[in-house]
Amino acid sequence: MSIVAGNWKMFDGPDPHALAGLDAIVCPPYTRLRDCVAAGLTTYAQNVHWEPEGAYTGEISAPMLLELGVTGSLVGHSERRQLFGETDEGVARRTAAALEAGLHVIACVGETLEQREADETQAVLRRQVSVLDEHERLVIAYEPVWAIGTGLTATPEMAQTAHAFIKSLLDVPVLYGGSVKPDNATGLFEQPDVDGALVGGASLDIDSFRAICEAARSRS
Ligand code: PGA
């Protein structure tokens, strides 16, 4: 099984109709969710709150996403953790509530460069993964922070080592994320424990995203 998900971040992204028929997940900003669902795409939000409703300015709940026809959500992306103060505890609550409500979840984990250089990668991954429980609709994305949007990709071997470690903690599919491009996707997908990719920048370009999806398909 190979899963490819495109994280559009705070970009408008491509025309959803141009992606129709692609075997992939798209994670557009909230304002584009409806368009993507209407175009028949498997659509995930980029975050989801743990309460169904309430005084939580700026947040969106799982029932609200389900009502729009959204299938799942990213949770705990490193940009949420680093720029918006999200904690492992919050990630755990968001993930559990979304799964409970019936959404699929891609929970993101990964170490910073500082942590990797201090040989803390496994400890960080253990801490981030330990708050999550196995679930049939849960997928983890291993996204080393130093590889996101930087053009630096983990080597296929580095990804494989991290993925195998994550799977020793939790038996769920693990996607790789961090500067995945058409020219490095095949090497990553060849690794036995790389079950797909979470693609940022390259998912905004239809040709690149399509090429990555094709690389995933030829592996599976
Ligand atoms: P990138 O982003 O592919 O642009 O590095 C990946 C992500 O943040 O999910």
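For Glu111, what residues show an amide H to amide H distance below 5 Å, using hydrogens built from the backbone and excluding near sequence neighbours?
Val145
Taking a 1.4 Å probe, which of Asp35, Asp119 shows the most accessible area, and what order do the others take after it? List each step's numbers first, then the result.
Numbers: Asp35 70, Asp119 140 Å².
Accessible-area ranking of Asp35, Asp119, largest first: Asp119, Asp35.
Please check: in the Gaussian network model of the chain (C-alpha springs, under 10 Å), which one of Pro144, Pro52, Pro156 has the largest mean-square fluctuation.
Taking springs between Cα atoms under 10 Å, the residue moving most is Pro52.
Which value, in Å², gives the accessible area per residue of the chain when a 1.4 Å probe is used on the protein heavy atoms? If you can, show how the numbers build up before the last one.
On the way: 10020 Å² over 220 residues.
Averaged over the residues of the chain, the accessible area is 46 Å².
Pick from Gly58, Gly21, Gly72 the residue whose mean-square fluctuation is largest in a GNM of the chain, springs joining Cα atoms under 10 Å.
Taking springs between Cα atoms under 10 Å, the residue moving most is Gly58.
Where nothing but the Cβ of Lys and Arg (+1) and of Asp and Glu (-1) is charged, how large is the charge dipole of the stretch 3-219 around its Cα centre, in debye to the nearest 20? Please list the in-between numbers first.
Working: 16 positive and 31 negative charges, 48 e Å.
Roughly 220 debye for the stretch 3-219.
Looking at the square roots a ≥ b ≥ c of the eigenvalues of the Cα gyration tensor of the stretch 1-41, which shape do they give, rounded for a/c under 1.5, prolate if a/b is larger than b/c, or oblate?
Because a/c hits 1.5 or more and a/b fails to exceed b/c, the stretch 1-41 counts as oblate.
Roughly how much of Lys9 is accessible, in Å² to the nearest 10, using a 1.4 Å probe?
40 Å²
Distance between Cα centroids, the stretch 94-114 to the stretch 170-189: provide it in whole Å.
One Cα centre to the other: 17 Å.
Which percent of the accessible area of the stretch 3-219 is formed by carbon and sulfur heavy atoms (probe 1.4 angstrom)?
On the way: 4870 of 9770 Å².
It is 50 percent, rounded to a whole number.
May I ask for log10 I(q)/I(0) of the stretch 72-190 at q = 0.09, 0.13, 0.17 Å⁻¹, from a Debye sum over the Cα atoms as equal point scatterers with solvent left out?
Rounded to two decimals, the profile gives -0.22, -0.47, -0.81.
Please give the FRET efficiency for Glu214 paired with Arg34, using the beta carbon to beta carbon distance and R0 = 22 Å, rounded to the nearest 0.05. Mind dumping the intermediate values first?
Working: r = 28 Å, r/R0 = 1.26.
In this case the efficiency is close to 0.20.
Once you have the Cα-Cα distance between Asp205 and Met10, take 0.36 nm times their residue separation minus that, and quote the gain in nm to one decimal. Walk me through the numbers on the way to the answer.
Details: separation 195, 0.36 × 195 = 70.20 nm, distance 1.46 nm.
Going from the current span to full extension adds 68.7 nm.
Residue farthest toward the positive end of the dipole of the stretch 3-219, with Cβ of Lys/Arg at +1 and Asp/Glu at -1: which of Pro144, Val124, Ala197?
About the Cα centre, the residue reaching furthest to the positive side is Ala197.
Rg to Rh ratio, the stretch 18-152, alpha-carbon atoms and Kirkwood radius?
Working: Rg = 15.3 Å, Rh = 15.6 Å.
Reported Rg/Rh, Kirkwood definition of Rh: 0.98.
Stretched out fully, how many nm does the piece from Asp119 to His17 gain, at 0.36 nm a residue minus the Cα gap?
Numbers: separation 102, 0.36 × 102 = 36.72 nm, distance 4.45 nm.
Difference between extended and current length: 32.3 nm.
The values are calculated or read from the model by the stated rules, or taken from the named source; none is laboratory data. Just so you know, these numbers come straight off a predicted model, no measurement behind them. Please note: Cβ atoms are built from the backbone with ideal geometry, for glycine as well, and neighbour counts cover all protein chains shown. Quick note on the areas: whole protein, heavy atoms, side chains included, nothing else; ligands and nucleic acids left out. Shrake-Rupley method; radii C 1.70, N 1.55, O 1.52, S 1.80 Å.
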